[in-house]
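Each remark here refers to the structure printed beneath this line.
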Amino acid sequence: MAAVSIQTLQLVSSNVYIAVVIDSKADIESSPGLDLIESLADERIVVDEKYLDVIASSRYIKLRLRNIVPGDFVYLDCDALPIGRLGEIW
């Protein structure tokens with residue numbers, strides 16, 4: 001779903017910069033899906049894993065995004081399906 005979300009975003013807003021934030025556990029795992037996601041994104045940001053539980057790790061990352069990602073950004077969860085240009089919300 002993340003790959004579909006990224007590709008849809010690129011279709012509706014071609015000038016966006018996409019950073020994918022993942023935990024260090026996901027960074028060491030390789031899969032065709034993860035490889036595709038990373039090939040579509042402009043940047044991969046790896047966060048040190050604080051929790052063994054996947055859900056807790058995901059929530060930790062979401063709550064800390066302001067400290068992880070530099071500059072202004074719009075957060076979209078991996079299952080968001082953009083249907084319009086994001087530039088208009090600025």
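The values are calculated or read from the model by the stated rules, or taken from the named source; none is laboratory data. Model, not experiment: these values are computed from the prediction. Note that we place each Cβ from the backbone using ideal geometry, even for glycine, and neighbour counts take in every protein chain shown. We work out accessible area using only protein heavy atoms, side chains counted, and drop any ligands, DNA or RNA first. Shrake-Rupley method; radii C 1.70, N 1.55, O 1.52, S 1.80 Å.
Points to keep in mind about this one:
- Of all accessible heavy-atom area on the chain, the percent that carbon and sulfur account for (1.4 Å): 55 percent
- Less than 5 angstrom separates the built amide H of residue 23 from those of 47, all sequence-distant by 5 or more or on a different chain.
- Subtracting the Cα-Cα distance of residue 38 and residue 65 from their residue separation scaled by 0.36 nm leaves 7.9 nm.
- Options 60, 22, 33, ranked by Cα towards positive dipole end of region 1-70, top entry (Cβ charges): 60
- Extension gain, residue 72-residue 86: 0.36 nm per intervening residue step, less the Cα-Cα distance, totals 3.8 nm.
- Note that the chain carries a Kirkwood radius of 13.9 Å, evaluated over its alpha carbons pair by pair.
- Sum of side-chain charges, residue 51 neighbourhood, beta-carbon under 14 Å (Lys, Arg +1; Asp, Glu -1): +1
- Rounded accessible area per residue of the chain, 1.4 Å, Å²: 71 Å²
- Cα-centred dipole magnitude for region 1-77, charges only on beta-carbon of K, R (+1) and D, E (-1), debye, nearest 20: 300 debye
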